[in-house]
Structure formats: C-alpha cells, structure tokens
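Below is one structure, written out as structure tokens; the observations come after it.
The values are calculated or read from the model by the stated rules, or taken from the named source; none is laboratory data. Computed from a predicted structure; not experimentally measured. Glycine gets a Cβ as well: all are built from the backbone with ideal geometry, and neighbour counts include every protein chain shown.
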C-alpha cells in the first residue's frame, strides 16, 4: 500500500512536470502542486541535493524551509496518509467482496427501501454494519448514545436489530454475507431465536412491564379525579395501538391539535407514550383501551 502511494505520488509529479498538473473538481490547478513544481524547477533547486530534500519531505515541517518543500510534503505525504485508513478499509472490503461504502448503499439503493421503512430499525442496522466495518466484534453492542437518541432500551433495541439483520439477510443475501457474516466470520442466528437473558434481566423486564401497566391503568382510570384525562388519553393510546397506526408526523400533528402544545412538545410526548406502550405490551394496552372505563358513583 505504501509503495503504491509512493509510485502514485511520483507519477503525479512527473505528469505535472511534463505540463499536466492535477486539477480540482472545478477545473482549477491544485495550488500546492503548482508551488511544488515551481520550487523543483527554480534555479535555486538546481543547486540543491534532492536526496536531502527528499528526507526533509518525510520529516516534520521546520521553520525556514522553502514553501515549495512544504507544498510537496502536503501532496506526497500528508494528504495520502490522511485518507489511508479509509482506502485500506475499502480495499479490504473489495477483496472480501463487500461493498466499498455499505452505509451509502443502505441509504440510497432502491433494493434497501423496505429496510428504511422503520426509522429505528434502519438506524440500528446502519450502525451495526458500520461498526462491523470498523472492526467491531459484536453487532449487538449498541452504543448508548444511539439508544438515547432513538429513545429505546438495550434489550428491545437488540431484538429490533436482530429482526432488521434477518430482513437484510432475506432481502439481499449476498450483501448480508459480504458485509455482516464476512466480518464476523460466522453466521448470526435468525430473528426467531430469542436473545438469552439473565435472571436479573428477566426480573427487570417484568418490573418495567408492571410499572408501565400501572401507569397506563392510571391514565385510563375512570374515577372522578382523572375523568377529564381519561377522555383525552384513551383515543391517543388507541391510535398508537391501532392495527394501522398513524405515522409519526400524523400522530404528532394530532397531539398538537388535541392538546394545544407545540410540535416539539408533542413529539416528545408521543415518544414517551410509545415507549410506555411498548413496555406494557401493545396488545395489552389495546385491550385496555377497548374496555369500558369504570365510572365512580
């Protein structure tokens, strides 16, 4: 790889010296290359020992060195090495038969459109594929910052990611083999295989479910103290649990109008209730919404 970089740099300089300097995307000549060529072809450079200057190019910049020498270092050393890691990754991916830019393929390819339908699942999938490319060994080791930004806990996120990976495997087997199992060195179990949980995790899950159901029950309670709230929470929770629920924008718009709050506050409110419903179990909440509320005498 380093030898290839040196040869490419030499070829660029030779071409520039022959009157073909490299240009930017807008068609302008690269200024650093112009400065380096002027320095190499100047009368002063004719009296320089080039092997000494070549050693200086490989060293750190020093005060008083010619601007042309500094420009040559930038073109031959700094810029190529700055992009070296990305080039190595792309070359390695190509050697494996993987995509050079899997994140771009997932975001833009027509075939990946079904994977983008669920925003949370897609973000988890995109993150996992990117982390594997960068050397991660466990796709389910989801970063906390991503969990917080998506508003989902680790265990539900792992289940969502497993289903997304299973969807990718079904939709594009070659892409999955090259960009997932190709980096892991083994096949992941299908989504139907449940992730093993420790007794502590099972206990915490049950406690969270019980707490969420108590909260939902309080919101739907029909006693006189919360009767006004009941009339407003029941239709909202019913919408979230519907067989064909509204999309995020429609739900936020409905909450904004119904509760008279800002879209930002409505978005936070919707995320909170969706998270609560997921913890309590969607089918259970749907059944509670269909139950006629008890009214106090």
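Structure values in brief
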| read-out | value |
| --- | --- |
| Filter result for residue 157 (on the phi < 0 side of the Ramachandran plot and modelled with pLDDT under 85) | no |
| Residues satisfying the stated conditions in the range 263-292, i.e. over 17 Å from residue 242 (Cβ atoms) and touching a helix residue (DSSP H, G or I) at 6+ places or on another chain (Cβ under 7 Å) | 263, 266, 267, 269, 279 |
| Number of the condition not met by residue 201 [criteria: (1) modelled with pLDDT of 85 or more; (2) within 28 Å of the chain's Cα centre (by Cα)] | (1) |
| The range 241-270, residues that are touching a residue at least 12 places away in the same chain (Cβ under 8 Å) and surrounded by 16 or more Cβ atoms within 10 Å (Cβ to Cβ) | 241, 251, 252, 254, 255, 266, 267, 269, 270 |
| So residue 238, is it more than 30 Å from the chain's Cα centre (by Cα), surrounded by 14 or more Cβ atoms within 10 Å (Cβ to Cβ) and closer than 21 Å to residue 118 by Cα | yes |
| Helices (runs of 4 or more DSSP H) lying entirely in the range 1-97 (those with 2 or more residues that are at pLDDT below 70) | 2-17, 50-58, 79-82, 84-96 |
